[in-house]
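Since the structure comes first, as structure tokens, the remarks are kept for the end.
The values are calculated or read from the model by the stated rules, or taken from the named source; none is laboratory data. The model shown is predicted, which means the values in this text are computed figures rather than measured ones. Note that each Cβ is placed from the backbone with ideal geometry, even for glycine, and that neighbours are counted across all protein chains shown.
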């Protein structure tokens, strides 16, 4: 993982993003935020499983479907299966070591 601080590259309202093998963060302080970095590392693992480009295609398609479903950009983003997995497990700093292959699939179906 290569960590890059890029304040002007990160969209407004976000603190960072992962694009294998890089993690871009908006603030220097996020370089020390273990939970935030773990969230992004989960995305790096997801990207590797999908061979990177298909990950971004799936991400975009699922975002569009969730946007139709929720009619709200933030809700759509937070309900993308990749994001649901990352948010649910970001505080578990050992999650990556114990994570099963394609684990995000468990987060596609929304449970009420």
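Structure data summary
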| quantity | calculated |
| --- | --- |
| Some residue of the stretch 14-25 being at pLDDT below 95, within 14 Å of the chain's Cα centre (by Cα), closer than 24 Å to residue 95 by Cβ and exposed (fewer than 12 other Cβ atoms within 10 Å of the Cβ) | yes |
| Within the stretch 38-57, tally of residues that are assigned to a helix (DSSP H, G or I), within 21 Å of residue 90 (Cα to Cα), out of contact with any strand residue (DSSP E or B) (no Cβ under 9 Å at 6 or more places or on another chain) and without any contact (Cβ under 8 Å) to a residue 40 or more places away in the chain | 2 |
| Qualifying residue in the stretch 59-72 (condition: under 14 Å from residue 20 (Cβ atoms) and under 15 Å from the mean Cα position of the chain (by Cα)) | yes |
| Residues of the stretch 1-37 classified as touching a strand residue (DSSP E or B) at 6+ places or on another chain (Cβ under 7 Å), within 17 Å of residue 78 (Cα to Cα) and part of a strand (DSSP E or B), total | 2 |
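Results for (1) in contact with a helix residue (DSSP H, G or I) (Cβ under 8 Å, 6 or more places away or on another chain); (2) at positive phi, shown as yes or no for each residue.
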site: 12; (1), (2): no, no
site: 26; (1), (2): no, no
site: 34; (1), (2): no, no
site: 38; (1), (2): yes, no
site: 41; (1), (2): yes, no
site: 51; (1), (2): no, yes
site: 67; (1), (2): yes, no
site: 73; (1), (2): yes, no
site: 85; (1), (2): yes, no
